[in-house]
1. Run the quick spin-label model on ARG11 and ALA74: label points 7 Å from Cα toward the beta carbon, then report their separation in nm to one decimal.
2. Percent of accessible area on the chain owned by carbon and sulfur, 1.4 Å probe?
3. Accessible area per residue, 1.4 Å probe, Å², for the chain: what's the number?
4. Can you give the calculated 222 nm mean residue ellipticity of the chain, where each DSSP H run of n ≥ 4 adds -39,500 (n - 2.57) and the sum is split over every residue, rounded to the nearest 500 deg cm²/dmol?
5. Under unit Cβ charges (Lys, Arg +1; Asp, Glu -1), what dipole magnitude, rounded to 20 debye, does the chain have relative to its Cα centre?
6. In the set (1) 12.8, 40; (2) 18.2, 58; (3) 14.8, 47, which value of Rg and Dmax of the Cα atoms in Å was calculated from the structure you see?
7. Compute the distance in nm between two label points, each set 7 Å from the Cα along the Cα-to-Cβ direction, one at PHE48 and one at THR94.
8. Order of 85-94, 8-17 by packing, highest average Cβ count within 10 Å first?
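The values are calculated or read from the model by the stated rules, or taken from the named source; none is laboratory data. Keep in mind that this is a model prediction, so the values were computed, not measured. Every residue, glycine as well, gets a Cβ built from its backbone with ideal geometry; the counts of neighbours run over all protein chains shown. These area figures cover heavy atoms from the full protein model, side chains too; ligands, DNA and RNA do not enter into them. Shrake-Rupley method; radii C 1.70, N 1.55, O 1.52, S 1.80 Å.
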Amino acid sequence: KYHVQVDDLERFSLPLLDKALAGAADRAAAQGQPRVFVFDEIGKMELFSDAFVERVRKLLQCPDPNLHVLGTVAEKGGGFIAQSKSLPGVELVTVAESTRDKMADQIV
């Protein structure tokens, strides 16, 4: 059985998410250079942190055209798991073990 260490999740993830969201102050953002933020994952355990959900929601809805977000989301689940899949600007790509190698070019 798993237990979520919400304090540890937030101590590690929130500063990274905040930095990505504050990208306007970032040198790459100021120069209009593309940036990529990768996360793994939006899942049941991550939903125990309201702060994590809030930041990821903002990240997925960020209007910065140079910020590209690549992440994983649980296949099943309600709440933010389901909501994240239908946010404006989100493209959902289903990757299976049998097709993942062939899909690399499509995703990148």
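1. Result: 2.4 nm between the two label points.
2. That fraction is 53 percent.
3. Numbers: 7910 Å² over 108 residues.
On a per-residue basis, 73 Å².
4. Numbers: 5 runs with 44 residues, N = 108.
After summing the helix terms and dividing by residue count, I get -11500 deg cm²/dmol.
5. Working: 13 positive and 16 negative charges, 24 e Å.
Value, rounded to 20: 120 debye.
6. Among (1) 12.8, 40; (2) 18.2, 58; (3) 14.8, 47, the one derived from this structure is (3).
7. Here the answer is 3.0 nm between the modelled labels.
8. Working: 85-94: 9.5, 8-17: 13.5.
Answer by packing, highest mean first, reads 8-17, 85-94.
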